[in-house]
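*Asks:* Structure below; questions to follow.
The values are calculated or read from the model by the stated rules, or taken from the named source; none is laboratory data. Just so you know, these numbers come straight off a predicted model, no measurement behind them. Ideal geometry is used to build each Cβ from the backbone, glycine not excepted, and the neighbour counts take in all protein chains shown. Just the protein is used for accessible areas: all its heavy atoms, side chains included, with ligands, DNA and RNA removed. Shrake-Rupley method; radii C 1.70, N 1.55, O 1.52, S 1.80 Å.
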Amino acid sequence: MEKSFLPVSFKEGKKYYKNFTGFDVIFVTGDPYYDHPLSGMAIIARLLDKKGYKAGIIAQPLSDEDYKACGAPKYFFCITSGLLDSMLANYTPMLKKRENILVPERALMVYTQKIKQHFKGCMTIIGGVEATIRRFTHFDYRDNKLRRGILNDTKADLLLFGNAERSILTLLERMKQITMGSFEGVKNHLDLGSIDGISFRVKKEDMNQKIRHLPPYEECAADKEKFSLLARTFYLLPDDAFIERCGSGFIQHNRPCHTLAEKEMNYIYNMPFTRKLHPSTKFFEFNQNMVENLESSVVIGRGCWGSCSFCVIPLVQGKEVAKRSKESIVQEIEALYSSGTKKINDLTLPTLNMYGSRCALYRHESKIYSPIIDEPITVYDKKDYCNQECVGCKYRVLSDDLYPLLEEVEKLNQKYAGTSMELRSAIRHDIILGQKNLFRKIMQFVTRLKIAPENLSDTVLKQMNKATASAFKEFLEEYKKVNKE
Ligand code: SF4
């Protein structure tokens, strides 16, 4: 089947979908429309399309026409600033304004306001990196002060955080059962409290008394200790639900979605992406150069438990590593080789040598229904308290599952003449010291090994929650040995 982009206008919707009278869900993103498994928005949009919903995409809107290109959706607008927080996209760490940036500052606020202006009464949902990392009271680097949770600032109806596949499908399943209207009209029919991975406004009288309250925004703004308590609480209880008061309102943050199961990951990453940039992309050449080397990158999992103090990956992708099966990954690589790709540019995972690893305390099994693969799956919970310092923890189980995968890739490279694969994702140099065979296998696919020691002062490294300088020196010795071999 010829792979094609999802529609980016009402007109294209008519060509792409049968009996088309309008989209069910319209995505608004601050990124170019890159139809690739590296793009969170492209994954969710394609998943909805595969599940029979009519999905339209508005990428990097600038004019009113851009916002209106897809018309009004039956269910909701799904708004994201893209893969980057829009303030980081607009400013350097030294707060120098970047040039030629098409995503506006505070994109979620701008996009949501524009949508509300053009489509009064339409439901708006925010999601993605910016929404996830700003869902609670948070420190804003550009303003050098605390800001309220972003649902307050945007006035969007709902917020989806982290891995949102299950949450958005569950929401749509419930909306299909009711007559859509304004969010206020339908929200009481959606049982929002039972959908993992969403945040929503809740009235005082409707609050679930069992859910822990975080210090309110006003107290955090007045007292740094209160803000530290807030940040520490959700860092130490990453799987919990919380309620946060802001002004006279309350935001309920349900528990995050459980780590995606292998079958779900395989389903998601085997969807028919074109792996291309949409031809209508603004500054096409510039963006094409940016993504050129990503096209043949193959995603093998999500999540990282390194817990570096400055990193948002555990918030956005989770700490428990979700993985695809070896067979699903090999199938994708073989499909790329047989369609003429000569080089796989990466097996993508935030930290390669965490593939297959797990925490032994996630041992409390339960069954939930997966709307991704339409069958029950087993999920795991951890009930024991811990300090969330996974590196060096006795319950963290490392895995060498990447080794047999790399062996399969070697066989494919022999089967398809002239093909090769390079590993560009980083490894954790301190953890790899416990995986010396795997280290040697990884090195066979590396031209430049990526590691992140960040600093050599143990005082600074402690604040970064990174490995010690001595671990780095020990790693260097091992690295030299492998190179000699
Ligand atoms: S028990 Fe250990 S490995 Fe598991 S989450 Fe806590 S710190 Fe991490």
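*Asks:* Ranked from highest to lowest mean number of other Cβ atoms within 10 Å per residue, what is the order of the peptides 362-368, 278-284, 161-167, 146-152?
*Replies:* Highest mean packing first, the order is 161-167, 146-152, 278-284, 362-368.
*Asks:* If you don't mind, another one. So what are the ³J(HN,Hα) numbers for the range 333-348, from phi and the Karplus equation (6.51, -1.76, 1.60; θ = phi - 60°), rounded to whole Hz, Gly and Pro as x?
*Replies:* Per residue, the Karplus-derived 3J(HN,Hα) values read 5, 5, 4, 5, 4, 6, 9, x, 5, 9, 9, 8, 7, 4, 9, 8 Hz.
*Asks:* Between Asp64 and Arg255, what is the FRET efficiency for a Förster distance of 60 Å, r being their Cβ-Cβ separation, to the nearest 0.05? Please report the intermediate quantities before stating the final value.
*Replies:* Numbers: r = 39 Å, r/R0 = 0.65.
Calculated transfer efficiency: 0.95.
*Asks:* FRET efficiency for Glu99 and Asn293, Cβ-Cβ distance as r, R0 = 22 Å, nearest 0.05? Please list the in-between numbers first.
*Replies:* Values: r = 23 Å, r/R0 = 1.04.
Plugging the Cβ-Cβ distance into 1/(1 + (r/R0)^6) gives 0.45.
*Asks:* Return the sequence-ordered ³J(HN,Hα) values of the range 446-452 in whole Hz as given by the Karplus equation 6.51 cos²θ - 1.76 cosθ + 1.60 applied to θ = phi - 60°, using x for Gly and Pro.
*Replies:* 10, 9, 9, 7, 9, 9, 10
*Asks:* Which value, in debye to the nearest 20, describes the size of the charge dipole of the range 386-481 about its Cα centre when Lys and Arg Cβ atoms bear +1, Asp and Glu Cβ atoms bear -1, and nothing else is charged? Intermediate values should be presented prior to the final figure.
*Replies:* Numbers: 16 positive and 13 negative charges, 26 e Å.
Computed about the Cα centre, the dipole is about 120 debye.
*Asks:* Can I ask one more? State whether the range 296-484 is rounded, prolate or oblate according to the following rule on the C-alpha gyration tensor (a ≥ b ≥ c being the square roots of its eigenvalues): a/c under 1.5 gives rounded; otherwise a/b larger than b/c gives prolate, and the remaining case gives oblate.
*Replies:* It comes out oblate by the Cα gyration axes.
*Asks:* Now a separate question. When we measure straight from the Cα of Lys367, which aspartates and glutamates land under 20 angstrom away, once same-chain ones fewer than 8 places off are left out?
*Replies:* Cross-link targets: Glu165, Glu173, Asp191, Asp196, Asp239, Asp240, Glu262, Glu264, Glu320, Glu375, Asp381, Asp384.
*Asks:* Let me ask something else. As a test of the formula, what do you get for the chain when each DSSP H run with n ≥ 4 contributes -39,500 (n - 2.57) and the sum is divided by the residue count, at 222 nm and rounded to the nearest 500 deg cm²/dmol? Walk me through the intermediate numbers first.
*Replies:* Numbers: 20 runs with 167 residues, N = 485.
It lands at -9500 deg cm²/dmol.
*Asks:* For a test of the definition: using alpha carbon positions, the gyration tensor, and the 1.5 limit on a/c, classify the chain as rounded, prolate or oblate.
*Replies:* oblate
*Asks:* Amide H neighbours of Phe27 under 5 Å, at least 5 residues apart or on other chains, H built in the peptide plane: list them.
*Replies:* Here the answer is Gly56, Ile57, Ile58, Cys78, since their amide H atoms fall under 5 Å of that of Phe27.
*Asks:* Measuring from a point 7 Å past the Cα of Asp191 along Cα-to-C-beta, which residues in the range 249-273 have an amide N at less than 11 Å?
*Replies:* Inside the label zone: nothing.
*Asks:* With +1 on each Lys and Arg Cβ and -1 on each Asp and Glu Cβ, and nothing else charged, work out how big the dipole of the range 149-268 is about its Cα centre, in Debye to the nearest 20. Could the numbers behind the result be given before it?
*Replies:* On the way: 16 positive and 18 negative charges, 30 e Å.
About 140 debye.
*Asks:* Same structure again: What are the ³J(HN,Hα) values, in whole Hz, obtained from phi via the Karplus relation 6.51 cos²θ - 1.76 cosθ + 1.60 with θ = phi - 60°, for each residue of the range 253-264 in sequence order, with x given for Gly and Pro?
*Replies:* Listing the rounded values in order: 10, 5, 5, x, 5, 5, 3, 4, 6, 4, 5, 5 Hz.
*Asks:* A further question on this structure: Please work out the FRET efficiency for the pair Ser338 and Leu237, using the Cβ-Cβ distance as r and a Förster radius of 41 Å; give the result to the nearest 0.05.
*Replies:* The formula returns an efficiency of 0.30 here.
*Asks:* Determine the order of Leu62, Leu6 by accessible area, beginning with the largest, at a probe radius of 1.4 Å.
*Replies:* So, going from the largest accessible area down, we get Leu62, Leu6.
*Asks:* Taking the Cβ of Leu83 as the centre, find all other residues whose Cβ is under 13 Å away and add up their charges (Lys, Arg: +1; Asp, Glu: -1).
*Replies:* Details: positive: none; negative: Asp31, Asp85, Glu130.
Charge balance in the 13 Å sphere: -3.
*Asks:* Right, next: Using only protein heavy atoms and a 1.4 Å probe, report how much of Leu84 is accessible, in Å² to the nearest 10.
*Replies:* Looks like 80 Å² after rounding.
*Asks:* So, in nm, how far is label Glu184 from label Asp153 when the simple model puts each one 7 Å beyond its Cα toward the Cβ?
*Replies:* Going from the Glu184 label point to the Asp153 one covers 2.5 nm.
*Asks:* A further question on this structure: What is the Rg over Rh value, at two decimals, for the range 318-381, using alpha-carbon atoms and the Kirkwood definition of Rh?
*Replies:* Radius of gyration relative to Kirkwood radius: 1.07.
*Asks:* Let me ask you something else. Work out how much length His213 to Thr447 would gain on full extension: take 0.36 nm times their residue separation and subtract the Cα-Cα distance, in nm to one decimal.
*Replies:* Going from the current span to full extension adds 79.3 nm.
*Asks:* Give, in nm to one decimal, the length gained when the segment between Ala221 and Lys203 is fully stretched (0.36 nm per residue of separation minus the Cα-Cα distance).
*Replies:* So the chain would gain 4.2 nm between Ala221 and Lys203.
*Asks:* Pick out, in residue order, every one of the trypsin sites (Lys or Arg not before Pro) in the range 107-142 that is DSSP loop and has at most 14 other C-beta atoms within 10 Å; say none if there are none.
*Replies:* On the way: sites: Lys114, Lys116, Lys120, Arg134, Arg135, Arg142; in loops: Lys120, Arg134, Arg135, Arg142.
Answer by residue number: Lys120, Arg142.
*Asks:* Still on this structure, please answer the following. Thinking of the range 123-251 as a set of Cα atoms, what percent of all their pairs are more than 26 Å apart?
*Replies:* 20
*Asks:* Which residues' amide hydrogens lie under 5 Å from the amide hydrogen of His213, considering only partners 5 or more residues apart or on another chain, with H built in the peptide plane?
*Replies:* Here the answer is Ile243, since their amide H atoms fall under 5 Å of that of His213.
*Asks:* List the lysines whose Cα sits under 29 Å from the Cα of Lys145, skipping any in the same chain fewer than 8 residues away.
*Replies:* Lys96, Lys97, Lys114, Lys116, Lys155, Lys203, Lys204, Lys224, Lys226, Lys319, Lys462, Lys466
*Asks:* If each of Gln388 and Glu485 carries a label point 7 Å out from its Cα toward its Cβ, how far apart are those two points in nm?
*Replies:* Placing both labels 7 Å beyond Cα along the Cβ direction yields 3.7 nm.
*Asks:* Going 7 Å from the Cα of Ile373 toward and past its Cβ, which residues in the range 247-288 have a backbone nitrogen under 15 Å from where you end up?
*Replies:* Taking a point 7 Å out along Cα→Cβ of Ile373, the residues of the range 247-288 whose backbone N falls under 15 Å are 258-271.
*Asks:* So, in Å, what gap is there between the alpha-carbon centers of the range 23-99 and the range 424-485?
*Replies:* 36
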